[in-house]
Each structure stands twice: as structure tokens, then as C-alpha cells.
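Remarks on the structure that follows.
The values are calculated or read from the model by the stated rules, or taken from the named source; none is laboratory data. Since we're looking at a predicted model, the values are computed, not measured. Because the Cβ atoms are built from the backbone with ideal geometry, glycine has one as well, and the counts that use them run over all protein chains shown.
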Amino acid sequence: MARVAIVTGGTRGIGAAISCGLKEQGIVVAANYAGNEAKAAEFSDRTGIPSYRWDVGDHEASLAGCAQVVADIGPVDIIVNNAGITRDGTLHKMTFEDWNEVMRINLGGCFNMAKATFPGMRDRGWGRIVNIGSINGQAGQYGQVNYAAAKSGIHGFTKALAQEGAKFGVTVNAIAPGYIDTDMVAAVPPPVLEKIVAKIPVGRLGHAEEIARAVVFLASEDAGFITGSTMSINGGQHMY
């Protein structure tokens, strides 16, 4: 029987590449999205991957959404926590809402999705959770105390949950992408983007498919001895 995966934020950018990459490996994928119905419909029509709308930062909505996927497709074996937002600004200008929304969705979403699916994985003796962190959660970034804190929290969440899942055949890992050629990065003013690329030793932005290939590996049978790890995919921009 084919494995079943949910990819949050799975209809756009890195998430769309992950959804497609998993499907290519014979995994049955459900792509979660938050609000852009037109984009989600276009993605589903083009790929054949069903899309499900819920706010991963809403605990009850996440439980209900995952239950619907189980009813429609089957028990969930793989979770990719990719959904995330930015609300950038220096602390001096950042509102509590800017802080709270980023923490609620980026970090709270990981908890909510794990809470909905981890028990079933543990009971069945197999599971893969892959959390998408960020280079900015490792190195920090000016004007992103909320985003950097949430992404850094994801890395800690990953290591702690990995210890809980290990003896039950459930691995939990993170990927920390650097700057990837997504719509979010494309919105950066060209002069600023040039400065960013100049700091990347390989001399270019990353591609969403490069992140997807790493997720596919971590979600596979071959990665059963890897857990609690963070894979940095940033072109050498931050090494530690």
C-alpha cells in the first residue's frame, strides 16, 4: 500500500515542489493551503494532487483537516511542515500581532500537525516528519526576530520530538533552506537580492526542487537511521 503524505503550504513555491517530488516516488499526497483558492485549484488540476484548505496555526482546524485526509485517502505516514509566513520589521516597529501570527503559524503549525498525526504513526510503527526551518533560524536576520525565533524553535522542536519517536520507527528531521528562487524571494528589491547572492559561495539562489529532493530522501525508507538532524541547504552561506 502506498504511503500517504500531507505537505502544508503544499500548493506553492517550495511546498509545491515537495508535493510533486513525493508524488513522483509513488506517495499519495494531500497538499494543504491557507487561502489562495485559485492557485490551489490550478495546482490540483495541473498535478492531480488534491488540495485541502485549513489554517495550520488553528489547532482544531488542523485536527479536522488531517482527519478529513485520513477519511479521503488513508492514514497519514508522512508530514512535511512547510507552511510559513513573514511579518518582517525591527523590534521597535513590530506589533504583537506581527510576532504572534508568525509564531502561531510557523511554529504552532508544527505542533498542531504533529499532534494530529504523530500518535497514528507511533501506533503503526512507522512515520516521517520533516520540518522546514530556515538559515535565518540558524544565523538570525535583521528585522526578523519573529521569523528567526519561530524557525529556530522548529529546529529545537525537531530534536525533541525525534527522541520521542525514535523507538517507534518515527523519524523527525528538519531542513534549513537558504535563499531559494521562490515568489517570496523574487519580491525582494533587485539591489538587495544582488547583495544576498553575493554572500552565497556557490553564486546563485537555490531551487525549490533541490529542497524537494532532500525531503523525498528524508521521507524514504532509506533514511530510517537519520533522526533529530537538520540538513542545511544554503549554497554554503552559513556553515556550522
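Mind checking which pairs have a first residue in segment 3-25 that is under 12 Å from residue 209 (Cβ atoms) and a second that is among the charged types (D, E, K, R) and part of a helix (DSSP H, G or I), Cβ under 8 Å, 6 or more apart or different chains?
Final answer for the pair search is 13/183; 17/209; 21/209; 21/213.
Residues of segment 46-70 being among the charged types (D, E, K, R) and either closer than 18 Å to residue 107 by Cβ or at pLDDT below 95 (or both), which ones?
Pass one, segment 46-70, residues among the charged types (D, E, K, R): 46, 53, 55, 58, 60.
Hits for segment 46-70 are 55, 58, 60.
With the structure loaded, tell me whether residue 217 is under 25 Å from residue 27 (Cα atoms), at pLDDT 90 or above, hydrophobic (A, V, I, L, M, F, W, C) and surrounded by fewer than 12 Cβ atoms within 10 Å (Cβ to Cβ) or whether it fails that test.
Numbers: under 25 Å from residue 27 (Cα atoms): yes; at pLDDT 90 or above: yes; hydrophobic (A, V, I, L, M, F, W, C): yes; surrounded by fewer than 12 Cβ atoms within 10 Å (Cβ to Cβ): no.
No.
If residue 159 satisfies every condition in (1) among the basic types (Lys, Arg); (2) more than 18 Å from residue 78 (Cα to Cα); (3) at pLDDT 95 or above but one, which is the exception?
Among (1) among the basic types (Lys, Arg); (2) more than 18 Å from residue 78 (Cα to Cα); (3) at pLDDT 95 or above, the lone unmet condition for residue 159 is (2).
When you scan segment 119-190 for helices (runs of 4 or more DSSP H) that lie fully inside it, which ones turn up with 3 or more residues that are over 15 Å from residue 232 (Cβ atoms)?
Details: elements: 135-139, 145-165, 183-186.
Here the list reads 145-165, 183-186.
Please indicate, with yes or no, whether at least one residue in segment 16-23 is of a type in the set (Ser, Thr, Tyr), within 17 Å of residue 113 (Cα to Cα) and modelled with pLDDT of 95 or more. Lay out the reasoning, then the answer.
Step one: filter segment 16-23 for residues of a type in the set (Ser, Thr, Tyr), giving 19.
Adding the requirement that they be within 17 Å of residue 113 (Cα to Cα) leaves 19.
With modelled with pLDDT of 95 or more added as a condition, the list becomes 19.
Within segment 16-23 (the criterion being of a type in the set (Ser, Thr, Tyr), within 17 Å of residue 113 (Cα to Cα) and modelled with pLDDT of 95 or more), the answer is yes, since at least one residue qualifies.
If residue 160 meets every condition in (1) within 24 Å of residue 240 (Cβ to Cβ); (2) among the small types (Gly, Ala, Ser); (3) touching a residue at least 40 places away in the same chain (Cβ under 8 Å) apart from one, which number is that one?
(3)
If residue 167 passes every condition in (1) touching a helix residue (DSSP H, G or I) at 6+ places or on another chain (Cβ under 7 Å); (2) exposed (fewer than 13 other Cβ atoms within 10 Å of the Cβ) but one, which one does it miss?
In the conditions (1) touching a helix residue (DSSP H, G or I) at 6+ places or on another chain (Cβ under 7 Å); (2) exposed (fewer than 13 other Cβ atoms within 10 Å of the Cβ), residue 167 misses (1) alone.
From (1) loosely packed, with under 15 Cβ neighbours inside 10 Å; (2) closer than 19 Å to residue 133 by Cβ; (3) not basic (Lys, Arg), pick out the condition that doesn't hold for residue 229.
Checking residue 229 against (1) loosely packed, with under 15 Cβ neighbours inside 10 Å; (2) closer than 19 Å to residue 133 by Cβ; (3) not basic (Lys, Arg), the one that fails is (1).
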